[in-house]
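Note sheet for the following structure.
The values are calculated or read from the model by the stated rules, or taken from the named source; none is laboratory data. On a predicted model such as this, the values are computed, not experimentally measured, just so you know. Here the Cβ is made from the backbone with ideal geometry for all residues, glycine too, and neighbour counts use every protein chain on show. We work out accessible area using only protein heavy atoms, side chains counted, and drop any ligands, DNA or RNA first. Shrake-Rupley method; radii C 1.70, N 1.55, O 1.52, S 1.80 Å.
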Amino acid sequence: MLDEIGRRRTFAIIAHPDAGKTTLTEKLLLFGGAIQMAGAVKARGEQRRARSDWMKVERERGISVTASVMTFEYLGRTFNLLDTPGHEDFSEDTYRTLTAVDSAVMVIDGAKGIEAQTLKLFEVCRLRDVPIMTFINKMDREARDPFELIGEIEEALALDVTPASWPIGMGRDFLGCYDLLGDRLLLMDRSQGDVVDAGIECRGLDDPRLDTLLPAPALARLREEVEMARGLMPAFDLDSYRAGHLTPVFFGSAINNFGVRELLQGLASHAPPPRPQPACGRLVVPTEERVSGFVFKVQANMDPNHRDRIAFLRLCSGHFRRGVKLRHSRSGKLLAVNNAVLFMARDRELAEDAWPGDIIGIPNHGSLRIGDTLVEGNEELRYTGVPSFAPELLQRVRLDDPMRVKHLRKALDHFAEEGASQVFKPLSGADWVVGVVGALQFEVLAARIEAEYGLSARFEPAAVDAARWVECDDPLVLKRMVDANRSAFAEDHDGALVFLARNAWHLNRTQEDFPAVRFLKTREQNRKVEVLGL
Ligand code: G4P
């Protein structure tokens, strides 16, 4: 068991669109032998981007299920790469996937540095101190100065940075990298395509062989820059990386397959195996005998005729065997898991065996929700740390036929359970406010409301800029706040109280007026909500 757990590396890639996440994913899968052909993942990335109408979305859902988890083997490790949807399909799922990984790779475009979406995703990683390796991509193009890029990471993310490799030139003059952790010279041969040589072992940067391998000016510059970098930045420290305080930076060019192997080696040697997971009242250690896990994603209505769903369960402890009976913590019911699937790169296979760190897909008819815990035995275990994230975009929803309001409520509740969107019912006023984190989600929702529920609904501006869950130890303060401004409060689909701010000023002002109240950007899923009698 220790062996199986120790082999696993469950991670995700975080990036701003176009930084090279799809390209890097594909190269990682090529290394892992999970795919044979370059271009396979890329094609999917493009399909995703190109999709515009709902039918296409529907057709591709089958694909997006298999692309949600990609498992491959390399250097004796089993890697589970979890997809963080990034283009049109950027949604709360993207954030929540990061609650199911043990580490992440941050891909940065060398010409652009840290971009908006990278920053958002990084902040979610920080909530759980997820360790991060950084891959600065596209060094074969004109990129920014490495010191400047590293400085930006340090400053924007408040992280220590240590170079794992150092680039030799850039753009057309990019010759390769010096591997600072393994003391090897890695030369990029643009003519080799997907073939990568192992690099040339060196005895440090003073190795005289380097003089024969690199042009003198490039070598002089490399030596000077590395000396400076070593003076300015901390050395690699495993504990600091694993605690989420230090990120090793690899430079490379995913499209040229350059630097990818070093990144993968870095993950294999340093990224943490499955970590203990927080549950109510205790930490669950992966080596515990009893199988347990939590649902971090639900993909619903795969087949419109059957309302079937796949719940993605991150295993946290025990040895999963097909047919094992797991208790569903929320309902107390027992579930014999006979038909769970494992995701092997592009195929699905029946899960006979699985270990902590693995992701299994459990088909169900709506009984499994995001945040649910499944556990073998009778313990009342409940995993924490699978939150809802405050939506960044909010709109009101209007029905063309007001008589069908109950149906709309059902549809919106389903989407909220699935985690595709959030729904807020104002304490006064009739129209529900729907919140999402990715702009195109409204279009997708409108199309799904029509296709799956036969309703015609429109989304309209809501004059709401931000939503925050509110909590206070003193219920009277909460009541006073709500009474003062009733139209700005709503309930989410679990009945939790939410403040809907008109703008940043409104939010700040209310926070200042009620300092005892906590305004939260995340909320634990399925937590019991106290009835406040508001
Ligand atoms: P994403 O998933 O993060 O959105 O990025 P993706 O891999 O799709 O890459 C975005 C663009 O950047 C693609 O170009 C891709 O070929 C290019 N790219 C990725 N890695 C590198 C690299 O190391 N060097 C260079 N020069 N380019 C890279 P595109 O024009 O959108 O697509 P395509 O026409 O190349 O297929």
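Some observations on this one:
- Test: residue in region 392-402 that is closer than 25 Å to F294 by Cα and open to solvent by 10 Å² or more (accessible area, probe 1.4 Å): no
- Boolean, T10 is open to solvent by less than 10 Å² (accessible area, probe 1.4 Å), at pLDDT 55 or above and among the polar types (S, T, N, Q): yes
- Close Cβ contacts (under 7 Å, 6 or more residues apart or on different chains) running from residues in region 225-244 that are touching a residue at least 12 places away in the same chain (Cβ under 8 Å) to residues that are open to solvent by 40 Å² or more (accessible area, probe 1.4 Å) and of a type in the set (A, V, I, L, M) comprise F236/L181.
- D93 falls short on exactly one of the conditions (1) of a type in the set (D, E, K, R); (2) surrounded by fewer than 18 Cβ atoms within 10 Å (Cβ to Cβ); (3) in a helix (DSSP H, G or I), and that condition is (2).
- Among the criteria (1) under 20 Å from the mean Cα position of the chain (by Cα); (2) among the hydrophobic types (A, V, I, L, M, F, W, C); (3) not assigned by TED's automatic domain parsing to the domain that holds D129, the one F320 does not fulfil is (1).
- Here the condition is being modelled with pLDDT under 95 and open to solvent by 40 Å² or more (accessible area, probe 1.4 Å); of D183, D145, it holds for D183 alone.
- The set of residues in region 353-372 that are under 22 Å from E4 (Cα atoms) and in a strand (DSSP E or B) comprises D353, A354, I359, I360, G361, I362.
- Selection count, region 429-453, where residues are small (G, A, S) and open to solvent by 50 Å² or more (accessible area, probe 1.4 Å): 4
- Within region 107-140, the set of residues being surrounded by fewer than 18 Cβ atoms within 10 Å (Cβ to Cβ), touching a residue at least 40 places away in the same chain (Cβ under 8 Å) and within 12 Å of the ligand (Cβ to nearest atom) comprises K112, E115.
- Some residue of region 321-339 being open to solvent by 10 Å² or more (accessible area, probe 1.4 Å) and touching a helix residue (DSSP H, G or I) at 6+ places or on another chain (Cβ under 8 Å): no
- Only one of the numbered conditions (1) of a type in the set (A, V, I, L, M); (2) surrounded by fewer than 18 Cβ atoms within 10 Å (Cβ to Cβ); (3) under 20 Å from R9 (Cβ atoms) is violated by L213, and that is (3).
- Strands (runs of 3 or more DSSP E) lying entirely in region 426-522 (those with 1 or more residues that are under 24 Å from V124 (Cβ atoms) and without any contact (Cβ under 8 Å) to a residue 40 or more places away in the chain): 497-501
- Subset of region 235-278 [more than 15 Å from F135 (Cα to Cα), part of a strand (DSSP E or B) and open to solvent by 10 Å² or more (accessible area, probe 1.4 Å)]: P278
- Total residues in region 376-408, condition closer than 19 Å to L445 by Cβ and touching a residue at least 12 places away in the same chain (Cβ under 8 Å): 17
- Selection within region 491-526: residues that are touching a helix residue (DSSP H, G or I) at 6+ places or on another chain (Cβ under 9 Å) and among the acidic types (D, E). The member of this set that is modelled with the highest pLDDT is D513.
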